[in-house]
Amino acid sequence: DLRVVNDATGMRAVYYATDGGVVASHAQLVEQALGGQIEVSELPFRYGYPGNRTPYTRTRILTPNTYYWMTAHLIRRFWPVTAPTQTTTEAAAAHLLDSSTYALRAMAQDLGVRFTLTAGLDSRAILAIALNAGIEFSTYTYGDETASELDRSVAADLADTYGIAHTTVDQPVTSQVLQDRLEESHYAFHHAGWVGALREHFQDPTELALIGNLLE
């Protein structure tokens, strides 16, 4: 009676076969396990497909807060199962700050902590939580194009204001082998050109990396 559970933010992707029988961490692994012809949809998209779809006709993605009842081939939601209690914006923000601060302190024990700092709301919220937690951390901003110029500028100012060790990763590291592996394992890319540079930036595999999606 197997049930495969996804976490609240879908940070670790779970894919399953439309007709059942296969679960994997990557969509192509599902397709390869099924064997036969791999059919790829021509539906245009940017970062992700709508709902639980993928470009592969035989593969679906398990959405956050749901589990795949593999034995019965059913998808079930495990949270929330009732309407959330009404609250105010101020109370929700206070709860978020308290719970996130507690979680970050627990995660950061004996680990180096780094996170992206930009001009965006997500990274500034993470910055506020890290400052409130009183932990040791450093920040970084990556990019070398005009689109990221504001992010790099604001991040440097914030880091200077709060006395944070900050790095600008602005030199892309290209590798055909890495590019081939990325294309093999992922069907949607977000700043894929900076994976090589960030891989060198994070030289300690035990370091904790934070992104704003965790707050969702």
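Values quoted throughout were computed directly from the atomic coordinates according to the rules given, and no laboratory measurement underlies them. In this text, all values refer to a predicted model and were calculated from it rather than measured experimentally. A quick note on method: Cβ atoms are made from the backbone with ideal geometry, for glycine too, and the neighbour counts reach across all protein chains shown.
Worth pointing out:
- Each of Trp79 and Ser153 was given a label point 7 Å from its Cα along the Cα-to-Cβ line. The distance between the two points is 4.2 nm.
- The slack in the chain from Leu96 to Thr146, taken as 0.36 nm per residue of separation less the alpha-carbon distance, amounts to 14.7 nm.
- Label-point separation in nm, Arg124 to Ala165, each point 7 Å along Cα→Cβ: 2.6
- Prolate/oblate/rounded call for the chain, Cα gyration tensor, a/c under 1.5 rounded: oblate
- Relative contact order of region 146-216, pairs being alpha-carbon contacts under 8 Å that are 6 or more residues apart, as %: 29
- Rel. contact order, % - alpha carbon contacts under 8 angstrom, at least six apart, the chain: 19
- Using the average count of surrounding beta-carbon atoms within 10 Å as a protection proxy, the listed peptides 5-13, 201-209 rank, highest first, as 5-13, 201-209.
- Distance between region 144-212 and region 54-128 - C-alpha centres, whole angstrom: 22
- Cβ-placed point charges (K, R +1; D, E -1), dipole of region 56-123 about Cα centre in debye, nearest 20: 480
- Charge dipole (region 113-169, unit charges on Cβ, about Cα centre) - positive-most of Thr118, Ala128, Thr139: Ala128
- Estimated distance in nm for a label pair at Thr89 and Asp19, the labels positioned 7 Å out from Cα along Cα-to-Cβ: 5.1
- Among 171-182, 79-90, sorting by the average number of other beta carbon atoms lying within 10 angstrom of each residue, highest first, gives 171-182, 79-90.
- Signed unit charges on C-beta, dipole axis of region 1-138, positive-most listed residue Val40, Ser99, Leu29: Val40
- Rounded to 0.05, the FRET efficiency of the Glu183 and Ala103 pair, given R0 = 35 Å and the Cβ-Cβ distance, is 0.55.
- As a calculated quantity, the FRET efficiency between Gln32 and Ala209 at R0 = 22 Å, using C-beta atoms, amounts to about 0.15.
- Mean Cβ neighbour count within 10 Å, used as a protection proxy, ranking 33-39, 194-200 highest first: 194-200, 33-39
- Of the DSSP H helices in the chain, those with a Cα length along their own long axis of 15 Å or more and a mean Kyte-Doolittle hydropathy reaching 0.5 comprise 121-133.
- Charge dipole (debye, nearest 20) of region 1-99; +1 at Cβ of Lys and Arg, -1 at Cβ of Asp and Glu: 120
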